[in-house]
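The values are calculated or read from the model by the stated rules, or taken from the named source; none is laboratory data. The model shown is predicted, which means the values in this text are computed figures rather than measured ones. Glycine also receives a Cβ, built like all others from the backbone with ideal geometry; neighbour counts cover every protein chain displayed. The accessibility values were calculated without ligands, DNA or RNA, using every heavy atom of the protein model including side chains. Shrake-Rupley method; radii C 1.70, N 1.55, O 1.52, S 1.80 Å.
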Amino acid sequence: MAVLITGATGYIGSHTVVELLNRGYETVLVDNLSNSDISVLDKIEEITGKRPVFYELDVAIRENVERIFSENHIDAVIHFAGLKAVGESCKLPSLYYYNNIASATAVSDVAARHGCFKIIFSSSATVYGEPETVPITEDFPLHTSNPYGTTKLLIENIYRDAYAYDNRWNITLLRYFNPIGSHESGLLGDDPNGIPNNLMPYITRVAAGQLEKLSVFGNDYPTRDGTGVRDYIHVVDLAIGHVAALERMTETGVHTFNLGTGKGCSVLEIIEAFERVNGVKIPYVITERRSGDVPEYYADSSKAERELGWKAERDIDDMCRSAWNFIVRTKK
Ligand code: NAD
Ligand code: UFG
């Protein structure tokens, strides 16, 4: 089976490419390198011994997608390409709507014209907004509170419509919880440009001495230690979840799955685990809550376990160890 991976040199895309290549899938990769580096291709080759076809193109431009489909036979698309920073999406909403919606619709429109009706889409737990209870199941109400999240929900709706009006479609919406950690080789990882917004890349920069201390955003939430609770999932488990989804794309329809571990972990618990497994200190201060943050959420991923035969296997210690290994191997 030949799979087109958009956003292929990004954090989750690159890990998924490795899992696909290791299982013998044919892959075609595309990324405009707006948030990743071309050197990721060398790392993929070093890990897998394979150098996949790569296009440096913007998939929000329909002609570019057309070119890829006319030059390759594609059976399925995994669509990762997108802008993902919540804060930036509030400053540049039009850019987020354009890039994310145009790329998702260009991919689905061109794919269908070439007879390809299988798409796996990177959705997010952000589509659940602030849930009334946890754990979150796929049938929880959907609402969003920032332009980034709204792009995810809009694309889900666009893809639901695609199937509603053409039942040849086979679409899988994967709602990721909080991916962290790195490939065991230490060659691939989360390497954002500038000062990180997310917890784990911030922690690794503090551990590396590039940032002075971590700000823990609030310790007065109604959680077990007052800090925010999230469902952190190892990026390799998440990547394997995509392979599981691809292998189960036997029936047309729109199939939605939470990909998480089902376990919530607080900010202070992450700091403790990181310090313990890596033997480094993470200086931190408690600051104000970050606007828009939800106190606590974690997934009920039993549907993915039941229907995809997939379950996250790596624990918080693995996530913290591998996140630091990536920095030690590539940065220090
Ligand atoms: P990432 O930024 O590392 O990867 C996304 C890749 O897409 C980047 O390499 C970027 O250069 C590329 N890209 C963006 N717009 C493009 C375009 N128009 N054409 C071609 N390439 C383009 O992000 P990631 O963490 O790997 O996330 C992958 C997907 O998963 C995104 O859609 C993101 O919204 C979604 N997601 C991520 C998280 C998370 O916490 N990392 C959580 C939920 C959902
Ligand atoms: N946090 C800190 N200090 C920091 C960064 C984060 O205390 O410097 C805390 C946050 O307050 C939160 C937790 O760490 O309690 C996790 O925050 P992240 O920014 O790492 O992740 P979020 O849960 O806010 O959001 C992430 C992505 C979203 C995605 C969501 C669900 O940024 O795009 O996971 O997948 F939608």
Cα-based count: Lys pairs in the chain below 15 Å, eight or more positions apart or different chains?
-> 5
Full extension from ASP139 to ARG160: what is 0.36 nm times the residue separation minus their Cα-Cα distance, to one decimal in nm?
-> 6.1 nm
Starting from the Kirkwood radius over alpha-carbon pairs of the stretch 111-215, derive D by Stokes-Einstein at 4 °C in a medium of 1.567 mPa s and give it in µm² s⁻¹.
-> 78
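Let's test the formula: R0 of 22 Å, r as the Cβ-Cβ distance of ASN197 and ASP37. What FRET efficiency results, to the nearest 0.05?
On the way: r = 19 Å, r/R0 = 0.85.
For R0 = 22 Å, the calculated efficiency reads 0.75.
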About its Cα centre, the chain carries a charge dipole, from +1 on Lys and Arg Cβ atoms and -1 on Asp and Glu Cβ atoms, whose size in debye to the nearest 20 is 360
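Pull out a ≥ b ≥ c, the square roots of the eigenvalues of the alpha-carbon gyration tensor of the stretch 258-308, then state rounded if a/c is under 1.5, prolate if not and a/b is larger than b/c, and oblate in the remaining case.
Details: a/c = 4.49, a/b = 1.57, b/c = 2.86.
Judged from the Cα gyration tensor, the stretch 258-308 comes out oblate (a/c at least 1.5, b/c at or above a/b).
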Note, PRO222: beta-carbon cut-off 14 Å, +1 each Lys/Arg, -1 each Asp/Glu, net -4
Taking the Cβ of VAL206 as the center, what net charge do the other residues with Cβ under 12 Å away carry, scoring Lys and Arg +1 and Asp and Glu -1?
-> +1
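Taking a ≥ b ≥ c as the square roots of the eigenvalues of the Cα gyration tensor of the stretch 171-222, is the shape rounded (a/c under 1.5), prolate (a/b larger than b/c) or oblate? Can you show the working numbers first?
Details: a/c = 2.36, a/b = 1.16, b/c = 2.03.
In terms of gyration-tensor shape, oblate.
Could you rank the peptides 140-146, 223-229, 124-130, 279-285 by their average count of other C-beta atoms within 10 Å per residue, with the highest value first?
Highest mean packing first, the order is 124-130, 223-229, 140-146, 279-285.
What is the extension gain from ASP75 to SER215, computed as 0.36 nm multiplied by their sequence separation minus the C-alpha to C-alpha distance, in nm to one decimal? Mind dumping the intermediate values first?
On the way: separation 140, 0.36 × 140 = 50.40 nm, distance 4.52 nm.
Here the answer is 45.9 nm.
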In the chain, if every C-alpha pair distance is counted and binned at 20 Å from zero, what percent goes to each bin?
-> 32, 61, 7
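For the stretch 223-313, rounded, prolate or oblate, judged on the Cα gyration tensor with a ≥ b ≥ c (square roots of eigenvalues), a/c < 1.5 rounded, else prolate if a/b > b/c? If you can, show how the numbers build up before the last one.
Working: a/c = 3.19, a/b = 1.97, b/c = 1.62.
Taking the square roots of the gyration eigenvalues as a ≥ b ≥ c, the stretch 223-313 is prolate.
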Heavy-atom surface of the stretch 29-128, accessible at 1.4 Å and reported per residue (Å²) | 43
Applying 1/(1 + (r/R0)^6) with R0 = 22 Å to the Cβ-Cβ distance of LYS50 and GLU184, what FRET efficiency is obtained, to the nearest 0.05?
-> 0.80
Those GluC sites (Glu not before Pro) from the stretch 293-332 that are DSSP loop and have at most 13 other Cβ neighbours within 10 Å turn out to be GLU313
Which angle between 0 and 90 degrees, to the nearest 10, do you get for helix 11-22 versus the longest principal axis of the chain when only C-alpha atoms count?
-> 60
On Cα atoms only, tilt of 235-247 relative to the major axis of the chain in degrees | 30
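Per DSSP helix of 4 or more residues, -39500 (n - 2.57); summed, then divided by the residues of the chain. What does that give at 222 nm, rounded to the nearest 500?
-12500 deg cm²/dmol
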Would you work out which of GLY149, ASN167, PHE177 lies farthest towards the positive end of the dipole of the stretch 119-257? Charges go on Cβ: Lys and Arg +1, Asp and Glu -1.
-> GLY149
For the stretch 41-80 and the stretch 136-209, write down the distance between their C-alpha centroids in whole Å.
-> 20
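Please report the relative contact order for the chain, taking Cα pairs under 8 Å with a sequence separation of at least 6, and give it as a percent rounded to a whole number. The partial results should precede the final answer.
Numbers: 664 pairs, mean separation 61.5, N = 332.
RCO, the chain: 19 percent.
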Cα Rg, Dmax (largest Cα-Cα span) when computed across the stretch 292-332, Å | 15.2, 42
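Pick out, in residue order, every one of the chymotrypsin sites (Phe, Trp or Tyr not before Pro) in the stretch 38-124 that is DSSP loop and has at most 16 other C-beta atoms within 10 Å; say none if there are none. Kindly include the intermediate steps, with their values, before the conclusion.
Working: sites: PHE54, TYR55, PHE69, PHE80, TYR96, TYR97, TYR98, PHE117, PHE121; in loops: PHE80, PHE117.
Listed in order of number, the matching sites amount to none.
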